[in-house]
Amino acid sequence: MKESVSAAPRTVSHDLPVSAEFEEFMARDWAATPLPADIRLAAADVTPARRARLSARFPGERLIVPAGELRVRSNDCDHRFRPHTAYVWLTGLTGEEQAGHVLVLEPDGPHRHEAVLYVRPRSPRTDGGFYRDRRYGEFWVGRRPDLAEAERMTGIRCAHLDTSGELPPGRDATADAELASALSELRLVKDTWEVGQLQRAVDHTAAGFEDVVRALPRALAHPRGERWIEGVFGLRARAEGNGTGYETIVASGAHACVLHWIRNDGPLDARQLLLLDAGVETDSLYTADITRTLPLSGRFSPVQRQVYDLVLAAQDAGIAALRPGVCFRDFHRAAMKVIAEGLTEWGVLKSPEGDFHRRYTLCSSGHMLGLDVHDCAQARAETYLDGVLEEGQVLTVEPGLYLQPDDETLPAELRGIGVRIEDDLVITAEGARLMSGALPRTPDAIEAWMGGLMEG
Ligand code: GLY
Ligand code: MN
Ligand code: MN
């Protein structure tokens, strides 16, 4: 159910009552505080073309794209709010104040739509909401743009959220799925501005990985070293951008065999590897997604290096397979061929044929990257999983070997080692450009890089 903007202030039981005299006093003598003239969003130059492409896919249909609603974390505390990706892509709006806002594309003739953005405007100073309403009051959560300011920011006509009441309450699941898949497919190819934002996310992420290596001596000494590292990376992510684009995976030793280890409650052991999978999300909400597997002592042991080298060879093969026009699945196939052959050489597999190697690789070797870490997830298979790569697509290549500690098919010395190497690439006219090349990938380069940072 939609929350009314002009509802009674959302207060809680320990809020003190307000006298009529105080209410009257609070309602006056506030100066005007207009936002500066130059508040147009950088994305406002690119969003009209995006809305036009969406409009062309759904002639004559009303399209409703909500930012999403605040969600209670516990009692009267909400989770931080991050607007829905489709809403961000179509409006350029990114902030926590977007909760509850809705973009509507109204059919305007058979071949075009008019965009209307329904927003919660500034709290008026004439009722008590601005200082009493914990959820939306300006003195509780900060100033929002008023309608005219939101129009200047976005270039979209804005209306008061309370006037969106006539939007249909019912949901048509089939139509919703069709819209969601169109919005994923339209985002498959990134424009130049988006690639720039992703590069920024990658660069901040590389800085966060450097912070982590510098912090390793302290993290190794802490009983929950994984958590310490999560905090160090989170500091960089929050300071440079909106935060992390997904929960940071800090997996020491055998924890690395759990693909999405986000409990991060283990200690670090200098004899083991650390798998760090982390990404900074920019203020524009584009995220990086990078993994490095590092020797906590600063030096790989021979067996760690053996596993690492095989994953690296697989990643090299995957990256070499990237270019426009090839099947999306080709880079995964190329990487898995190397892994299956390597496992056969080690005697773990009898033959590289078949899919037995998947016991040790578990998941696919990459995905689209953008506003979402697993971007464009609602795209139909024929445009993504079974589609072909196109110039301007950004993706990860992230093969891994996850040698479970209890896997009796493995020699004892390999058990409990998990290695993933994950980089972000943009497809170019000739092939692909490595966006995350600032971080070392080879064992020698990693050791030299770690040595420099840990001494410094
Ligand atoms: N960080 C999740 C993934 O690599 O897909
Ligand atoms: Mn990934
Ligand atoms: Mn990742």
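The values are calculated or read from the model by the stated rules, or taken from the named source; none is laboratory data. If you're wondering where the values come from, they're calculated on a predicted model, not measured in any experiment. Ideal geometry is used to build each Cβ from the backbone, glycine not excepted, and the neighbour counts take in all protein chains shown. For the accessible areas, the whole protein counts, side chains as well, though only heavy atoms, and no ligand, DNA or RNA atoms are used. Shrake-Rupley method; radii C 1.70, N 1.55, O 1.52, S 1.80 Å.
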Just name the residue that is surrounded by the fewest Cβ atoms within 10 Å (Cβ to Cβ) out of those in the stretch 343-397 that are among the small types (Gly, Ala, Ser) and touching a His at 6+ places or on another chain (Cβ under 9 Å).
-> 377
Is it the case that residue 171 is within 30 Å of residue 384 (Cβ to Cβ), open to solvent by 50 Å² or more (accessible area, probe 1.4 Å), in contact with a helix residue (DSSP H, G or I) (Cβ under 9 Å, 6 or more places away or on another chain) and among the basic types (Lys, Arg)?
-> no
A careful count of residues in the stretch 115-129 that are buried (at least 18 other Cβ atoms within 10 Å of the Cβ), more than 9 Å from residue 9 (Cβ to Cβ) and modelled with pLDDT of 90 or more gives 6
Elements of type strands (runs of 3 or more DSSP E) contained in the stretch 349-456, each with 3 or more residues being within 16 Å of ligand 1 (Cβ to nearest atom) and modelled with pLDDT of 95 or more | 394-397, 400-403, 417-420, 423-427
Has the stretch 296-306 got any residue that is more than 16 Å from ligand 2 (Cβ to nearest atom), under 19 Å from the mean Cα position of the chain (by Cα) and among the hydrophobic types (A, V, I, L, M, F, W, C)?
-> no
Would you be able to say whether some residue in the stretch 88-106 is open to solvent by 20 Å² or more (accessible area, probe 1.4 Å), modelled with pLDDT of 95 or more, more than 30 Å from residue 12 (Cα to Cα) and not aliphatic (A, V, I, L, M)?
-> yes
Does the stretch 218-250 hold any residues that are of a type in the set (Asp, Glu) and within 16 Å of ligand 1 (Cβ to nearest atom), and which are they?
-> 226, 230, 247
Would you say residue 319 is β-branched (Val, Ile, Thr) and more than 30 Å from residue 218 (Cβ to Cβ)?
-> yes
Test set (1) farther than 26 Å from residue 280 by Cβ; (2) within 15 Å of ligand 1 (Cβ to nearest atom); (3) among the aliphatic types (A, V, I, L, M) - residue 313 fails condition number = (2)
Among the residues of the stretch 182-193, is there at least one that is assigned to a strand (DSSP E or B) and open to solvent by 10 Å² or more (accessible area, probe 1.4 Å)?
-> no
When residues of the stretch 34-57 are limited to those that are at pLDDT below 95 and open to solvent by 70 Å² or more (accessible area, probe 1.4 Å), the one nearest to the chain's Cα centre (by Cα) | 45
Please find, within the stretch 370-414, the residue that is farthest from residue 243 (Cα to Cα) out of those that are touching a residue at least 60 places away in the same chain (Cβ under 8 Å) and acidic (Asp, Glu).
-> 413
Scan 339, 290 and give me the residue that is open to solvent by less than 10 Å² (accessible area, probe 1.4 Å) and either modelled with pLDDT under 95 or over 26 Å from the mean Cα position of the chain (by Cα) (or both).
-> 339
